[in-house]
1. Quickly run through segment 98-110 and pick out the residues that are in a helix (DSSP H, G or I) and touching a residue at least 12 places away in the same chain (Cβ under 8 Å).
2. Please specify each residue of segment 75-95 satisfying the condition of being over 17 Å from Asp6 (Cα atoms) and buried (at least 17 other Cβ atoms within 10 Å of the Cβ).
3. State whether the residues of segment 48-62 include one that is more than 29 Å from Glu142 (Cβ to Cβ), of a type outside the set (Ser, Thr, Tyr), surrounded by 11 or more Cβ atoms within 10 Å (Cβ to Cβ) and without any contact (Cβ under 8 Å) to a residue 40 or more places away in the chain.
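None of the figures in this text is laboratory data; all of them are computed from the coordinates on show. Just so we're clear, the structure is a prediction, and the values are computed from it rather than from any experiment. With ideal geometry, Cβ positions are generated from the backbone for all residues, glycine too; neighbour counts draw on all protein chains shown.
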Amino acid sequence: MAYKNDTEAKQAFIEEILTPKGFDAHVKAEPADIVATKDGETWYYEIKMTEKDDKCFGAATLTEWVQALKTPNNFRFVLAIKGQDGKYNFKEYTPEEFMEFSTIPPFKVYFNINLRGSTKQKRRKSNGAIPFTKERCFLLQELFHRMKEDKLRFGCPTKSFFHPFLDNMTKI
């Protein structure tokens, strides 16, 4: 289970794991929770916290996955499992390992309605969200359908899988 405030877990990972190994590490917002350097090399750590001892369910953002796949040798997804004693047990996964546990659900479209004022909400720019349009709706539907069909046929996307989709992206 992911918690709104995993600050404690991030700090514990820095203090208990990274600092003793000689890393200079800092909590960041993007492209991962922690960015650390050692010997001129940059590492990325995405912390996923749970208090459960049997399974962990959560999500990783597209931003996190893009960084993980761009720098697979220097990126780790980290499960921070908080015990009843309040101490953490950390399990690190490479992007390839973490991918084995990951799925893409049908896309969601979020809404935000102010029930105490104007009928139209201001769109937040800071979270990277984009406005929902009819065209984008059908584009998401097409992309998800193609990914599902490609998985059924080949088990993974083919090299030409995204070309028609990317051509359409420039028109939106």
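1. First, pick out the residues of segment 98-110 that are in a helix (DSSP H, G or I): 98-99.
Phe98 - this is the single residue of segment 98-110 that is in a helix (DSSP H, G or I) and touching a residue at least 12 places away in the same chain (Cβ under 8 Å).
2. Let us first name the residues in segment 75-95 that are over 17 Å from Asp6 (Cα atoms), namely 75, 93-95.
Scanning segment 75-95 gives Phe75, Tyr93, Pro95.
3. Within segment 48-62, the first condition is being more than 29 Å from Glu142 (Cβ to Cβ), and the residues that meet it are 48-56.
Pick out the ones that are also of a type outside the set (Ser, Thr, Tyr) and you get 48-49, 51-56.
Still in the list and also surrounded by 11 or more Cβ atoms within 10 Å (Cβ to Cβ): 48-49, 51, 53, 56.
Checking which are without any contact (Cβ under 8 Å) to a residue 40 or more places away in the chain leaves us with 53.
Yes, segment 48-62 contains at least one residue that is more than 29 Å from Glu142 (Cβ to Cβ), of a type outside the set (Ser, Thr, Tyr), surrounded by 11 or more Cβ atoms within 10 Å (Cβ to Cβ) and without any contact (Cβ under 8 Å) to a residue 40 or more places away in the chain.
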